[in-house]
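All of the numbers you see were taken from the coordinates with simple rules; none came from a lab. Model, not experiment: these values are computed from the prediction. Here the Cβ is made from the backbone with ideal geometry for all residues, glycine too, and neighbour counts use every protein chain on show.
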Amino acid sequence: MASRRTGGQGGQGTGDERRDRAHNTEVPGQEGESGERAAEHQLTYVIYRNGARMPVQAWAESATLAKSAVAYNAGTLNRCRELGVRFMEVFDGSGCGWTSHSDIDKANGTIRTVKEAAAWPISHPRCMRAFGPRPDLTSPA
């Protein structure tokens, strides 16, 4: 199967070219039957249990951002644990809850144990949560 290649100013291209890139059916490294099957069944939406449909590109971006935020926070928490830090200050959106965005237990500015922070490194996709070590604390405030 031939790949569709497009050009354009600054890598953006025209709307038609962007659409062609978004619907490119060639799957690198998937020659033969599996590559043909992937081309026949283009995945354009992820359908959630509740029936909501999300474009694959938006879903992939959201999933990638969530995984990188979890990894970043895990690295921070692991290093703090190694250094003997027991408490973390939470930096998050002002309306963001601890376990989900709508949780009434608001996260921003709170003090949590390293264990609690590790249990909830983010509360939702695209969460901006981060943690700051508080080595000065011996108990939660």
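Some points to look at:
So that you can scan it fast, the table gives a plain yes or no per residue for (1) out of contact with any Leu (no Cβ under 8 Å at 6 or more places or on another chain); (2) among the small types (Gly, Ala, Ser); (3) part of a loop (DSSP other than H, G, I, E, B):
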residue: Lys115; (1), (2), (3): yes, no, no
residue: Ala118; (1), (2), (3): no, yes, no
residue: Pro121; (1), (2), (3): no, no, yes
residue: Pro135; (1), (2), (3): no, no, yes
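- Contact map, the range 103-119: residues that are closer than 16 Å to Asp136 by Cβ paired with residues that are of a type in the set (A, V, I, L, M) and assigned to a loop (DSSP other than H, G, I, E, B), Cβ distance under 6 Å, separation 6+ or inter-chain. Pairs shown: Ile111/Ala141.
- Selection from the range 75-90 of residues that are under 22 Å from the mean Cα position of the chain (by Cα) and exposed (fewer than 14 other Cβ atoms within 10 Å of the Cβ): Gly75, Asn78, Arg79
- Close Cβ contacts (under 8 Å, 6 or more residues apart or on different chains) running from residues in the range 48-64 that are over 19 Å from Cys127 (Cβ atoms) to residues that are among the hydroxyl-bearing types (Ser, Thr, Tyr) comprise Arg53/Tyr45; Pro55/Thr44; Pro55/Tyr45; Val56/Thr44; Val56/Tyr45.
- Counting residues in the range 86-93 that are in a loop (DSSP other than H, G, I, E, B), of a type in the set (Gly, Ala, Ser) and closer than 12 Å to Arg129 by Cβ gives one or more.
- Some residue of the range 101-112 being of a type in the set (S, T, N, Q) and exposed (fewer than 15 other Cβ atoms within 10 Å of the Cβ): yes
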